[in-house]
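Quick notes on the structure that follows.
The values are calculated or read from the model by the stated rules, or taken from the named source; none is laboratory data. Model, not experiment: these values are computed from the prediction. Cβ sites come from the backbone with ideal geometry, for glycine too, and all protein chains shown count toward neighbours. Ligands, DNA and RNA are stripped out before the accessible areas are found, and what is left, the full protein with its side chains, is counted by its heavy atoms. Shrake-Rupley method; radii C 1.70, N 1.55, O 1.52, S 1.80 Å.
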Amino acid sequence: MNTQNISKENILNAFQYRHATKEFDDTKKVSDDDINFIMKTANLSPSSFGFEPWHFVVVQDKELRELLKPVAWGAPLKLDTASHFILGLSMKTSMTKWNSEYIMHMMKNVKQLPDDAIEIYSKFYREFQERDFNLDTDKKLFDWASKQTYIALANMMTSAALIGIDSCPIEGFHEEKAEALLKEKFGIDTDKYGLSYMVAFGFRKAEPPHAKSRRNFDEIITWK
């Protein structure tokens with residue numbers, strides 16, 4: 001496996017190119033091959049303990065998109081114009097607790113750990129939750145899972161930019177109302193999953209109104 005053919009200049013150009021696209025060109029569609037590539041980078045993203053506490057819902061149905069508008073104030077224009085609109089879900093306590101069926105499934109069937117390794121790994125994961133990070137409430141566990149899901153979001157947006165596809169991450173939604181809608185109309189088990197973010201993909205309708213602005217490079221880094 002060789003990644004040396006990807007130049008640093010091309011990667012930085014993609015970061016410069018990417019911006020939070022407010023309105024997409026609704027006449028242009030992301031190909032199946034390209035959206036599958038973007039989703040594959042989510043699938044290959046790292047997560048704490050490698051437990052992948054996420055699920056992604058690609059919302060292409062126009063009626064379902066319309067239903068999202070009243071509960072997502074940051075999304076209407078994107079819902080109307082984006083080629084693909086994705087909900088980033090994170091697992092709740094019933095899935096991520098150290099002794100849950102899902103965690104056991106990940107260790108036994110996905111990672112294919114032997115029984116003695118599962119016992120050690122499970123003990124280590126329990127200590128991480130109960131001692132190291134004090135993840136003793138449902139809210140804390142969900143926020144921890146969301147941190148992992150955001151890694152996948154960043155990778156999706158970067159991989160999209162690398163192939164000339166625009167994106168916009170969205171947190172502008174009412175959490176309680178959005179999850180009620182997901183349960184009622186999308187068939188999402190909200191005892192297992194909560195909504196962390198939305199993200200739209202497509203092609204920009206116009207160039208950004210201003211250049212990308214960032215703090216000075218030396219201001220954000222301390223070398224020791």
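Just one residue in the set 167, 159, 122, 196 is among the hydroxyl-bearing types (Ser, Thr, Tyr) and in contact with a Lys or Arg (Cβ under 8 Å, 6 or more places away or on another chain); that residue is 167.
Any idea which residue in the stretch 86-105 is most open to solvent (accessible area, probe 1.4 Å), counting only those that are more than 30 Å from residue 200 (Cβ to Cβ) and assigned to a helix (DSSP H, G or I)? Lay out the reasoning, then the answer.
Keep residues of the stretch 86-105 that are more than 30 Å from residue 200 (Cβ to Cβ), which gives 97-101, 103-105.
Next cut, assigned to a helix (DSSP H, G or I) only: 101, 103-105.
Values: 101: 166, 103: 2, 104: 86, 105: 79 Å².
So the residue we want is 101.
Restricting to the stretch 181-224, name every residue that is hydroxyl-bearing (Ser, Thr, Tyr) and more than 30 Å from residue 140 (Cβ to Cβ). Of everything in the stretch 181-224, just one residue is hydroxyl-bearing (Ser, Thr, Tyr) and more than 30 Å from residue 140 (Cβ to Cβ), namely 213.
The set of residues in the stretch 157-195 being among the polar types (S, T, N, Q) and not in a loop (DSSP other than H, G, I, E, B) consists of 158, 159, 167. Tallying residues that are in contact (Cβ under 8 Å) with a residue 24 or more places away in the chain and more than 16 Å from residue 174 (Cβ to Cβ) within the stretch 64-81 yields 5.
Can you tell me which residue is farthest from residue 39 (Cα to Cα) among those in the stretch 49-80 that are in a loop (DSSP other than H, G, I, E, B) and open to solvent by 20 Å² or more (accessible area, probe 1.4 Å)? The selected residue is 73.
When the residues of the stretch 132-159 are filtered to those that are aliphatic (A, V, I, L, M) and within 13 Å of the chain's Cα centre (by Cα), which remaining residue is surrounded by the fewest Cβ atoms within 10 Å (Cβ to Cβ)? Full working, then the answer.
First, the residues of the stretch 132-159 that are aliphatic (A, V, I, L, M): 135, 141, 145, 151-154, 156-157.
Narrowing further to those that are within 13 Å of the chain's Cα centre (by Cα): 145, 151-154, 156-157.
On the way: 145: 27, 151: 15, 152: 24, 153: 22, 154: 13, 156: 27, 157: 23.
Checking each candidate, the answer is 154.
Across the stretch 165-195, which residue is least open to solvent (accessible area, probe 1.4 Å) among those that are among the charged types (D, E, K, R) and within 30 Å of residue 17 (Cβ to Cβ)?
So, considering only residues that are among the charged types (D, E, K, R) and within 30 Å of residue 17 (Cβ to Cβ), the one least open to solvent (accessible area, probe 1.4 Å) is 166.
Of the residues making up the stretch 4-42, those that are in contact (Cβ under 8 Å) with a residue 12 or more places away in the chain, over 13 Å from residue 199 (Cα atoms) and assigned to a helix (DSSP H, G or I) are 10, 11, 14, 15, 16, 17, 34, 37, 41.
Taking each residue of the stretch 119-148 that is without any contact (Cβ under 8 Å) to a residue 40 or more places away in the chain and looking for partners that are open to solvent by 20 Å² or more (accessible area, probe 1.4 Å) and not in a helix (DSSP H, G or I) with beta-carbon atoms closer than 6 Å, six or more apart or interchain, yields 126/98; 129/98.
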